[in-house]
Amino acid sequence: MMVICNQYHKHGAYVICNANLNGFSQQEQQLLAVPVRAHRRKFPPGEIRSQPQRRAEQAPRLAILLRIAVTLNRGRADIGLAQLDVRVGKNSIELILPSDWLDFHPLTRAYLLTEAEYLSTIGYCLTVSSKQVP
């Protein structure tokens, strides 16, 4: 019997913060917990703001990378991800996929658009565009 916890992201972050992880300081564990906590649903800005100043930029970026990876692998099936180009700015990320791939994966496109809305709440701009493949 498989039991799915609706808030496993919160539980995972708690475990990372409170486990005895040899080789990691408590601050490093807190930084590792941020992407785990933030990888689904609403972005937790309070937890990001609670990071020390020098890690304040790292925490959301790590979380955003994990969120995009989870979105692209949402079905946990081999969907044949095409070549992905990424352009990154200070507060922006552009994903560039072949246009035919996006046409064949409309749910992934929809999830990426939803993700763009979540990221806009913390001042990041995620855009998804397509390119013609020869």
Among Leu31, Leu72, Leu102, Leu119, the single one that is modelled with pLDDT under 85, crowded, with 16+ Cβ neighbours inside 10 Å, among the hydrophobic types (A, V, I, L, M, F, W, C) and in contact with a strand residue (DSSP E or B) (Cβ under 6 Å, 6 or more places away or on another chain) is Leu102
Could you say which residue among Glu117, Glu94, Glu47 is in a helix (DSSP H, G or I) and under 14 Å from the mean Cα position of the chain (by Cα)?
Glu117
Members of region 35-54 found to be farther than 17 Å from Asn91 by Cβ and either basic (Lys, Arg) or surrounded by 15 or more Cβ atoms within 10 Å (Cβ to Cβ) (or both), listed by number:
Pro35, Val36, Arg37, His39, Arg40, Arg41, Lys42, Pro44, Glu47, Arg54
Verdict on Val88 being modelled with pLDDT of 80 or more and surrounded by fewer than 17 Cβ atoms within 10 Å (Cβ to Cβ):
yes
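The values are calculated or read from the model by the stated rules, or taken from the named source; none is laboratory data. Remember, predicted model here, so these are calculated numbers, not experimental data. Neighbour counts are summed over all protein chains in view; Cβ atoms, including those assigned to glycine, are modelled from backbone coordinates with ideal geometry.
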